[in-house]
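Q: I have a structure here, written as structure tokens, and I will follow up with some questions on it.
The values are calculated or read from the model by the stated rules, or taken from the named source; none is laboratory data. What you see is a predicted model, and the numbers here were worked out from it, not measured in a lab. All Cβ positions, even for glycine, are placed from backbone atoms using ideal geometry, and neighbour counts span all protein chains on display. Heads up: the accessible areas ignore ligands, DNA and RNA and are worked out on the full protein's heavy atoms, side chains in. Shrake-Rupley method; radii C 1.70, N 1.55, O 1.52, S 1.80 Å.
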Amino acid sequence: MTAQDHGLAALGLDGVPALQPLTYPGLPVSAPALLTGTELLPLHARPGGLGSWTVDGTSRTLDDVLGALGQAPVAGRHPVLAVGSNASPGQLTHKLGRLGIPGTVPMVPVRLRGLAVGCSAHIGRAGYVAAAPYARAGEQRTLVVSWLDPAQLPAVDATELPNYRRVPLSGEAYAMTLPSGEPLAGASVYVSARGVLADPLTGLPRPGGGDQAALLDTLLDASAPLRELLGPDAATWVRRAAADPELRARGTLLFAEEGWVLPWTDLPDPSV
């Protein structure tokens with residue numbers, strides 16, 4: 001493989017949902033990799049901890065490569081679980097690049113149990129309705145964990161406030177398992193401060209992280225006031241919402257007025 005083969009554009013992973021809202025949540029990494037801002041270098045999982053995994057088919061360890069790039073080793077980073085667009089390397093690069101922070105981030109799909117993905121009960125700055133986690137006993141899925149350094153972590157935090165807050169999760173409680181088969185001790189995740197959207201037909205959380213246009217069209221079909229405010233279609237919704245914070249705030253209030261909001265703003269033990 002050549003270096004060009006690992007470019008985000010060549011891999012089809014350079015999309016930025018913040019700039020193209022109807023593509024939310026974007027494409028996540030599908031295998032362990034080191035994001036360098038413009039490239040995604042494959043990582044070979046092996047026992048001994050993430051820092052000892054090898055990079056791009058060589059004998060160089062991840063910690064060696066991070067050190068050569070002048071970046072913090074794995075032990076100096078914080079694992080953060082993504083349920084939405086933070087799993088997309090294009091989105092993560094965009095968020096960090098806007099602040100002039102190097103986008104060198106290990107990104108690893110991790111298996112876990114007890115966490116489901118719904119829709120946050122608010123309209124975000126880019127106009128889309130973003131994903132949000134909630135506890136659900138027995139749920140099993142694979143989600144991307146990014147290891148953020150001391151500069152990257154508060155920068156990403158700032159992109160999530162005030163609609164989300166970062167909370168720690170126990171790797172044992174959520175049965176987090178790395179691709180090497182080793183357990184992950186824990187990770188943080190961003191929980192919606194607004195609660196999650198319910199499906200009016202079932203009263204259960206509406207699934208999130210899927211086709212954004214279909215989600216917005218479904219919400220518009222279900223609410224005449226929402227259609228009047230942001231309709232008639234998903235493309236109009238994101239264009240108008242992204243341009244006007246007052247419309248976003250009014251649309252968010254309409255979610256509650258329609259009775260669609262489950263006030264789930266914490267993650268209790270999934271086994272309870």
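Q: Looking at GLY251, GLY208, GLY203, GLY259 in this structure, which one is of a type in the set (Gly, Ala, Ser), open to solvent by 10 Å² or more (accessible area, probe 1.4 Å) and within 24 Å of the chain's Cα centre (by Cα)?
A: GLY208
Q: In addition: Among the residues of the stretch 193-205, how many are in a loop (DSSP other than H, G, I, E, B) and in contact with a helix residue (DSSP H, G or I) (Cβ under 8 Å, 6 or more places away or on another chain)?
A: Matching residues across the stretch 193-205 total 2.
Q: Anything in the stretch 152-180 that is open to solvent by 50 Å² or more (accessible area, probe 1.4 Å), small (Gly, Ala, Ser) and over 26 Å from VAL261 (Cα atoms)? List them, or say none.
A: SER170
Q: VAL74 - would you say it is under 20 Å from LEU27 (Cβ atoms) and surrounded by fewer than 24 Cβ atoms within 10 Å (Cβ to Cβ)?
A: Spelling it out, it is not the case that VAL74 is under 20 Å from LEU27 (Cβ atoms) and surrounded by fewer than 24 Cβ atoms within 10 Å (Cβ to Cβ).
Q: Only one of (1) touching a strand residue (DSSP E or B) at 6+ places or on another chain (Cβ under 9 Å); (2) over 30 Å from TRP237 (Cα atoms); (3) in contact (Cβ under 8 Å) with a residue 12 or more places away in the chain; (4) surrounded by 15 or more Cβ atoms within 10 Å (Cβ to Cβ) is not met by LEU11, so which one is it?
A: So the condition that LEU11 fails would be (2).
Q: Oh, and also: Which condition breaks for THR265 when tested against (1) among the hydroxyl-bearing types (Ser, Thr, Tyr); (2) open to solvent by less than 20 Å² (accessible area, probe 1.4 Å); (3) in contact with a strand residue (DSSP E or B) (Cβ under 9 Å, 6 or more places away or on another chain)?
A: The failed condition is (2).
Q: Among the listed residues LEU41, LEU27, identify the single one that is among the aliphatic types (A, V, I, L, M), touching an Asp or Glu at 6+ places or on another chain (Cβ under 7 Å) and not in a helix (DSSP H, G or I).
A: Only one candidate qualifies: LEU41.
Q: Something else now. Could you check, for the stretch 50-70, whether at least one of its residues is open to solvent by 30 Å² or more (accessible area, probe 1.4 Å) and touching a residue at least 60 places away in the same chain (Cβ under 8 Å)?
A: The answer is no, given that none of the residues of the stretch 50-70 is open to solvent by 30 Å² or more (accessible area, probe 1.4 Å) and touching a residue at least 60 places away in the same chain (Cβ under 8 Å).
Q: Kindly list the number of the only condition in (1) under 20 Å from PRO17 (Cα atoms); (2) not in a loop (DSSP other than H, G, I, E, B) that fails for GLY209.
A: Of (1) under 20 Å from PRO17 (Cα atoms); (2) not in a loop (DSSP other than H, G, I, E, B), only one is false for GLY209: (2).
Q: Here's another thing I want to ask about it. Among the numbered criteria (1) assigned to a strand (DSSP E or B); (2) surrounded by fewer than 16 Cβ atoms within 10 Å (Cβ to Cβ); (3) of a type outside the set (D, E, K, R), which one does VAL189 miss?
A: It fails just one condition, (2).
Q: Continuing with the same structure: Any residue at all in the stretch 38-59 that's at negative phi and under 14 Å from the mean Cα position of the chain (by Cα)?
A: The answer is no; no qualifying residue exists.
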